[in-house]
Structures are given as structure tokens and as C-alpha cells.
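Notes for the one structure printed next.
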Amino acid sequence: MKASERPPHLRWRPIALVAAGGTAGAACREALSLLIPHLGSVPLAIPAINVMGAFLLGCLYEALLGSERSISRNLRLLLGTGFCGGFTTYSALARDTAVLLRDGLAPEAVLYALGTVAIGACATWAGIAASSAVRRRSPQRPRERGPLR
């Protein structure tokens, strides 16, 4: 089978874009997790990172909405699937929640988990709204015209 006939998830270029974005996202997540302190026994880094990632993904989703150009597909792979996928970490959120429960901090654990998911959903909506507002304010590019007749 020729490379051009393979589905995108079996081609080297899309795989490399996701891997590069994921590497950068995971590195940024680790750097931020080392910089953001705990609030008592409650870790703040992971919820903050997940909310930031949700906002970024909302912005990206809206900015690239409706475009099937190859640059848009590549940006979705690099930034959406790769960077945001490597940056956000709901498995660490689950682990932190379990640790809070184990330590007898059930109210904090519930607020930590549900709050992060609810605020993340709001952040996604805010990212979509912000990107939409920027799109409406930016001057429209002229449409490409076909050959002159």
C-alpha cells in the first residue's frame, strides 16, 4: 500500500506532528507542575494545567472550525491532539483525587475533581467565545478568485 493510500493515523507525518506537540505539551506541563505550589494538602498545578489546556483547546477548535486546508489539519494534530493532549492530564487529576480520598479529605477530593471538570468545561466555552470574538473583529480576507474570464 502506498503512503498516500494509508489512513492519516498510519502516516509518518501526522504521527510526527502529534509526537512533537505531545512532547512540548508534556514538558510545559511538567515545568508548570514544578512551579505551582500546593494549597495545604491540595495540589493546584494539575487543575490549573487542565483548565488552561481546556481553554487553549476551545480557542484552537474555534479558530480552525470549518477549515479543511492541510495547514489546519496539521495545526489540529500538532496543537490539539499533540500539545493539548500532552499538556492536560486527567489521569493525574484522578490520582490526586484518590490521594485526597485516601488521606480522609473527601469534601476536598469531590470539590477538586468535580470543580476541575466543571471549570474546565467553562474554560473550553470561554476559549471558543474568545476565539470567535477575535475572528469577528479581524478583517476578513478576500476570497480566492478563480481564473479571470
* Asked: Name the pairs: first residue in segment 21-42 and on the phi < 0 side of the Ramachandran plot and free of Cβ contacts under 8 Å to residues at least 60 places away in the same chain, second residue crowded, with 16+ Cβ neighbours inside 10 Å and of a type in the set (V, I, T), Cβ to Cβ under 9 Å, at least 6 apart or on different chains?
  -> C28/I49; L32/I49; S33/I46; S33/I49; S33/T89; I36/I46; I36/I49
* To do: Answer yes if at least one residue in segment 118-126 is of a type in the set (A, V, I, L, M, F, W, C) and in contact with an Asp or Glu (Cβ under 7 Å, 6 or more places away or on another chain), and no otherwise.
  => no
* Asked: Inside segment 36-45, can you point out the residues that are over 16 Å from the mean Cα position of the chain (by Cα) and surrounded by 12 or more Cβ atoms within 10 Å (Cβ to Cβ)?
  -> I36, V42, P43, L44
* Filter segment 61-83 for residues that are surrounded by fewer than 21 Cβ atoms within 10 Å (Cβ to Cβ) and within 8 Å of the chain's Cα centre (by Cα); which is nearest to V134 (Cα to Cα)? -> G80
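Please work out if R145 is of a type outside the set (A, V, I, L, M), at pLDDT below 95, open to solvent by 80 Å² or more (accessible area, probe 1.4 Å) and out of contact with any Pro (no Cβ under 6 Å at 6 or more places or on another chain). Outline the logic, then answer.
Working: of a type outside the set (A, V, I, L, M): yes; at pLDDT below 95: yes; open to solvent by 80 Å² or more (accessible area, probe 1.4 Å): yes; out of contact with any Pro (no Cβ under 6 Å at 6 or more places or on another chain): yes.
Criteria met by R145.
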* Say we look at segment 89-123 and pick out the residues that are among the polar types (S, T, N, Q) and modelled with pLDDT under 95; which of these is farthest from G66 (Cα to Cα)? -> S91
* To do: Output yes when any residue across segment 21-35 is over 13 Å from the mean Cα position of the chain (by Cα), assigned to a helix (DSSP H, G or I), modelled with pLDDT of 95 or more and within 30 Å of S138 (Cβ to Cβ), and no when none is.
  => yes
* Asked: For residues in segment 84-114 being under 18 Å from the mean Cα position of the chain (by Cα) and open to solvent by less than 20 Å² (accessible area, probe 1.4 Å), which is nearest to R29 (Cα to Cα)?
  -> F87
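The values are calculated or read from the model by the stated rules, or taken from the named source; none is laboratory data. Given the structure is predicted, the values throughout are model-derived calculations rather than measurements. Cβ atoms come from the backbone with ideal geometry, glycine included; neighbour counts cover every protein chain shown. Only protein heavy atoms, including side chains, enter the accessible area calculation; ligands, DNA and RNA are left aside. Shrake-Rupley method; radii C 1.70, N 1.55, O 1.52, S 1.80 Å.
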